[in-house]
Structures are given as structure tokens and as C-alpha cells.
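Report on the structure given below.
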Amino acid sequence: MLMEDRLHAVQEAIAQAARRAGRDPGDITLCGATKTQSDDTIRAAIAAGLQVCGENRVQELCAHLESDAYAGAEQVHFIGHLQTNKVNKVVGRVELIHSVDSLHLLQAIDKQAARLALVQDILLQVNIGIEQSKGGVEPEALEALAAAACSMEHVRLRGLMAIPPIAYEPGANTHYFVKMRQLFVDTQAKMPHNRCSMDCLSMGMSGDFEDAIAHGATLVRVGTALFGPRPAPGQV
Ligand SMILES: *Cc1c(COP(=O)(O)O)cnc(C)c1O
């Protein structure tokens with residue numbers, strides 16, 4: 001299938017999932033997860049109408065910025081694990097960082113954003129499946145971290161992000177999406193409204209984005225369904 005056809009199929013599936021849930025399709029953002037994709041593939045996706053690119057690795061982000069591969073996209077997001085010592089390569093170069101999960105990382109982002117005299121939009125990543133192998137703040141520690149984010153001058157808390165465990169059957173992650181939506185609503189209510197504007201709930205990937213939309217996602221991160229299967233690790 002052509003890139004254009006795959007993109008339109010995903011956009012249509014998003015719109016239908018939104019309508020089924022009684023939601024406005026325009027309220028859901030598609031973020032293309034571009035990890036391992038070439039400059040040319042990214043350019044083709046943008047030419048076909050992809051507006052938001054989500055990058056996982058700092059090295060790939062820098063390479064694609066260098067070669068201007070995102071030209072024409074409205075936004076670039078950072079969606080992968082971010083190490084504190086790489087913050088300077090990301091802050092101010094992307095519209096939204098999805099994966100903030102510690103006070104240490106928050107402070108490093110705030111400091112670099114202050115240095116650049118800007119405000120960096122961020123999401124807090126929640127380890128909703130409480131998996132050892134995954135990043136994200138544990139649900140019990142979320143409120144304190146959100147309060148810390150809201151107290152910072154150069155960080156704007158825009159919402160929450162989650163990567164639930166791999167789902168082996170349709171609907172397997174529904175309960176995680178429901179929990180995330182509740183955490184989102186609760187955190188929204190508890191934070192000072194003049195200090196943060198939480199409007200983004202980033203959850204749902206190729207295998208489960210329709211389910212995520214049914215349960216309140218405002219942004220879905222889709223890789224495989226747009227770009228096809230990725231090469232196995234080691235072959236890249
Ligand atoms: C790769 C990736 C995605 C997209 O995964 P697919 O299953 O290929 O759609 C979404 N979010 C993050 C953080 C990713 O790393």
C-alpha cells in the first residue's frame with residue numbers, strides 16, 4: 001500500500017473510533033511514530049498529510065533535524081525515554097516531550113528551557129501497568145510530580161502519557177486506558193489551573209488506538225500501521 005493510502009486508512013479509523021465514542025474526530029491528534037524510518041519515508045508521510053512526528057531516540061531526532069526531514073510538519077514530539085544528560089538536545093527543539101517521569105528529569109528540562117528563555121510543553125509518563133522494564137512514574141507518585149511540574153517557570157504540564165503492556169488480544173488494555181483517563185481527570189482537577197493546562201492524554205498505538213480513543217485518548221502514537229513493520233533490532 002502507498003503511504004498516502006495507509007495514512008488515510010489510519011485517519012479514517014481514528015475518525016470512526018471518535019464518532020462511535022460520540023467524540024469530535026478533530027479532537028484527536030495523530031502522532032506518527034517515526035523510529036527507524038528514513039528521511040525519505042518521513043518526508044513522504046508529511047507530503048501525504050502527516051502533521052505530527054514523534055521521535056523515540058535522541059540520535060534519530062538530531063539526525064532528522066539536521067537533514068530537515070520534518071520540513072512541512074506542524075510539530076515534532078519526543079516520545080521515547082529521555083536521559084537527563086541528553087536534555088539539551090531535545091528542549092526547545094520539539095513542541096512536546098511525552099516521556100517525563102522523574103523530578104530529576106523535570107528539573108533538567110526546566111533548567112535548559114530557562115537557559116533558552118522558553119517554556120517547554122511536557123507530558124508525564126505513567127507506568128500504568130507497573131512494569132519493571134518500563135519508564136514512567138508510578139500512579140501513586142503522579143500527583144507529587146505533577147505539582148512539581150506546575151510549580152516550574154519554564155515547564156508547562158500539558159497532560160499524561162502511557163505505554164500499557166503489549167496487548168495480545170483486542171480489548172486487553174481497556175482497563176489500563178480507563179485507569180489512565182481517571183488519573184488524567186483527577187490530576188487535572190487537583191492542579192492549579194493558572195499554572196498548567198492539561199489537555200492531552202497520549203495513549204494508544206497501532207494495535208489498540210481505537211480502544212484508546214473510546215476511552216478518552218486525545219493523541220495516539222502510531223508507527224507500524226503507518227510505516228509498516230520495523231526492522232528487527234540489530235538489523236537497523
Ligand atoms: C514505537 C512507538 C509507538 C508506535 O508503536 P506501533 O505499535 O508501531 O504503532 C508509540 N509510542 C512509542 C513511545 C513508541 O516507541
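Considering region 164-193, the residues that are within 17 Å of the chain's Cα centre (by Cα) and modelled with pLDDT of 95 or more include one that is surrounded by the most Cβ atoms within 10 Å (Cβ to Cβ), namely M180. When G223, G216 are screened for being in contact (Cβ under 8 Å) with a residue 24 or more places away in the chain, among the small types (G, A, S), under 30 Å from A44 (Cα atoms) and within 15 Å of the ligand (Cβ to nearest atom), only G223 passes. Selection of region 84-104 for residues being more than 14 Å from the chain's Cα centre (by Cα) and within 27 Å of V178 (Cα to Cα) yields S102, L103. You will find that of M198, M161, the residue that is closer than 28 Å to G49 by Cα, crowded, with 21+ Cβ neighbours inside 10 Å and free of Cβ contacts under 8 Å to residues at least 60 places away in the same chain is M198 and no other.
Under the condition of being over 15 Å from the mean Cα position of the chain (by Cα) and not hydrophobic (A, V, I, L, M, F, W, C), the residues counted in region 48-64 number 4. Within the option set L103, L96, L116, L82, being more than 20 Å from L61 (Cα to Cα) and either at pLDDT 95 or above or more than 16 Å from the ligand (Cβ to nearest atom) (or both) holds for one residue only, L103. Only one of the listed residues (G159, G204) is touching a helix residue (DSSP H, G or I) at 6+ places or on another chain (Cβ under 6 Å), at positive phi and either more than 10 Å from the ligand (Cβ to nearest atom) or outside any helix (DSSP H, G or I) (or both). That residue is G204.
The values are calculated or read from the model by the stated rules, or taken from the named source; none is laboratory data. Just so we're clear, the structure is a prediction, and the values are computed from it rather than from any experiment. Positions of Cβ are generated from backbone atoms using ideal geometry, with glycine treated the same way; all protein chains shown enter the neighbour counts.
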